[in-house]
Amino acid sequence: MQEKRFYRPGLFVTGLLASAFILCGCSKKEKKSSAEREVRVQVQKIEKRKFRRQIPVQGTVDPVQFAVLSAKLGGTVEYFPGRSGTKLKKGDTLYEIDRQILANQVTVRRDDIKVREAEISIAKAKLDSALAGKKSAEANRKSAMANKESALRSLDKAKITKEKALISKRQAEIARDKAELDLKKAKLDYDRAVKLRDSKAISTADFEVYATGYRKAQTDVHNTVSEIAGANAEIAGSDAEIANAGASVAKADAAISSANAEIASADAEIKSAKANIDNAEAQLKQAQSNLNIALKNLADSKQTAPFDCTVVETYVEEKEYVSNGTKILKIENLDLLEVVCYISAVYYNEIVENKTKVEISADGKKYADAVVTYKAPSIDPQSRTFKVKAIVPGKSGLVSGMLCNINIILEEKEAYGLPADAVLLRANNRYIIYAAGKDKRAKSFDVKPGIVDGTYREILNPEKFLEEDIIVSGQSFVNAGALLRVTPVKK
């Protein structure tokens, strides 16, 4: 069966009225949306304040003076006053190792040096004696050689005298032979004259002539014999002189040989003495080296504090045996600290020793202001960073080994600025700000931004908008000419 539908007139009228009401409501909404919207913003004047360009980094608090001291020789730790936390002054004893034994070794080495010095003195005395003996032997040899020269001259003179005597003797013998012949002839003449005289054949005067000739011949023979005897005596004297001179020469030769033997013996003694001196000096040098080693060991056996310090860690106990190189203790000067950090190489030329300032803080608390005291001479090629240090003022509250925050201040100045969010970046690296005009509409200004310090940014060209109300909140929804609902910034 087909359903029949009936439409009442009242219901139809009601539908028409509802449709009309809906149409009227839509018309009112469209009229209201076509009205201009206001943008809620907050404004403030550009203000002058301090700006910093700084590098925030983390660093470590380290002692400027610290040392991990190790044993320089093996032995038993005899004296060890240092305990962790002990404060010491420069020069205070930190520990001693077998000091008495090493002190005894020093005494032995010094005595050894005295022995070597005595040996050198004895060897030098022997050398002086040998040199004196050689000098005396050389003088004796010189005297013996002079005596030999004199004896040789005497020998030559005696030989010449003998030669002359031999010549004289030969001449005398020739004269004697002639005289004997003359004597024989004179005797014959004399004997004949005697006979003639006895026979009265010759006169007495003639006889005397023969007698005189005979006597003269006898005298000549006697004289030549005397000359021969004198020559023989002279020859005998020359032979005696020759014998004496020969004996003198032999004696001089013996003296020269004896002197040469003494000189050779002295040379041997000199050589031996010099060798003994060289040996003793070498032993003295070795003894001095041994003493230096002993003194070095004695000095190494006692370690004193190189600076005012605090013992922060010990590695051995008293009476414990340690080997060379064993760590004994660690010391730090806790009154002189520095912060150490590494920063990017791009800032290398901007960091100046003893000029660049730093701020040191930790856990939100500022501890100290300082100045860069060290900048690494080179950049680490692996990390492209370099080390920076700053000595911390005394009684800063910082502790060695502490992690801290460091602000390295590259630049600090007073300038105009705005909250960093108020400066907007546009295309082509262009920066702008918006200001609220007297007509409650937004207007824009190109700005040159500078240092960003926390939430504020420096403005380098503030002259055009010093008196403007700069939009610092809600600017992201603003365009130039937009209608604004302005409220001041609550400070």
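Of note:
- Residue 78 modelled with pLDDT under 90, surrounded by 14 or more Cβ atoms within 10 Å (Cβ to Cβ) and in contact with a strand residue (DSSP E or B) (Cβ under 8 Å, 6 or more places away or on another chain): yes
- Across the range 449-461, a minimum of one residue is classified as crowded, with 18+ Cβ neighbours inside 10 Å, among the hydrophobic types (A, V, I, L, M, F, W, C) and within 60 Å of the chain's Cα centre (by Cα).
- Some residue of the range 341-355 being in a strand (DSSP E or B), among the aliphatic types (A, V, I, L, M) and modelled with pLDDT of 95 or more: yes
- Flag if residue 231 is under 30 Å from residue 128 (Cβ atoms), touching a Ser or Thr at 6+ places or on another chain (Cβ under 9 Å) and crowded, with 17+ Cβ neighbours inside 10 Å: no
- Residues satisfying the criterion are present in the range 423-443 (criterion: outside any strand (DSSP E or B), under 60 Å from the mean Cα position of the chain (by Cα) and at positive phi).
- Count of the range 469-489 residues which are over 17 Å from residue 456 (Cα atoms) and in contact (Cβ under 8 Å) with a residue 60 or more places away in the chain: 9
- One residue stands out in the range 69-127 among those that are part of a strand (DSSP E or B) and among the hydroxyl-bearing types (Ser, Thr, Tyr): the one that is farthest from residue 304 (Cα to Cα), namely 76.
- Yes/no for residue 470 being assigned to a strand (DSSP E or B), farther than 26 Å from residue 366 by Cα and either of a type in the set (Lys, Arg) or in the same structural domain as residue 390 (by TED's automatic domain parsing) (or both): yes
- Selected residue [closer than 30 Å to residue 260 by Cα, surrounded by 14 or more Cβ atoms within 10 Å (Cβ to Cβ) and aliphatic (A, V, I, L, M)] from 132, 71, 144: 144
- Candidate set: the range 401-422, residues that are of a type outside the set (A, V, I, L, M) and touching a Ser or Thr at 6+ places or on another chain (Cβ under 9 Å); chosen: the one surrounded by the most Cβ atoms within 10 Å (Cβ to Cβ): 404
- Single residue of 178, 216, 274, 200 found to be in the same structural domain as residue 155 (by TED's automatic domain parsing) and in contact (Cβ under 8 Å) with a residue 60 or more places away in the chain: 274
- Checked against (1) in contact (Cβ under 8 Å) with a residue 60 or more places away in the chain; (2) of a type in the set (A, V, I, L, M, F, W, C); (3) within 19 Å of residue 415 (Cβ to Cβ), residue 460 passes all but condition (1).
- Only residues that are surrounded by fewer than 12 Cβ atoms within 10 Å (Cβ to Cβ) and within 21 Å of residue 231 (Cβ to Cβ) were counted across the range 175-221, and they come to 0.
- Scope the range 453-467; condition of a type in the set (A, V, I, L, M, F, W, C) and assigned to a strand (DSSP E or B); matching residues: 459
- Exactly one residue out of 198, 253, 156, 191 is farther than 30 Å from residue 139 by Cα and at pLDDT 90 or above, and it is 191.
- Selection from the range 374-417 of residues that are touching a helix residue (DSSP H, G or I) at 6+ places or on another chain (Cβ under 6 Å), over 28 Å from residue 363 (Cβ atoms) and not in a loop (DSSP other than H, G, I, E, B): 416
- Matching option when the condition is among the hydrophobic types (A, V, I, L, M, F, W, C), over 30 Å from residue 102 (Cβ atoms), assigned to a helix (DSSP H, G or I) and in contact (Cβ under 8 Å) with a residue 24 or more places away in the chain, among 280, 245: 245
- Condition check for residue 225: surrounded by 13 or more Cβ atoms within 10 Å (Cβ to Cβ), assigned to a helix (DSSP H, G or I) and in contact (Cβ under 8 Å) with a residue 60 or more places away in the chain: no
- So residue 62, is it modelled with pLDDT of 90 or more and in a strand (DSSP E or B): yes
The values are calculated or read from the model by the stated rules, or taken from the named source; none is laboratory data. Keep in mind that what you see is a predicted model, and the values were worked out from it rather than measured. With ideal geometry, Cβ positions are generated from the backbone for all residues, glycine too; neighbour counts draw on all protein chains shown.
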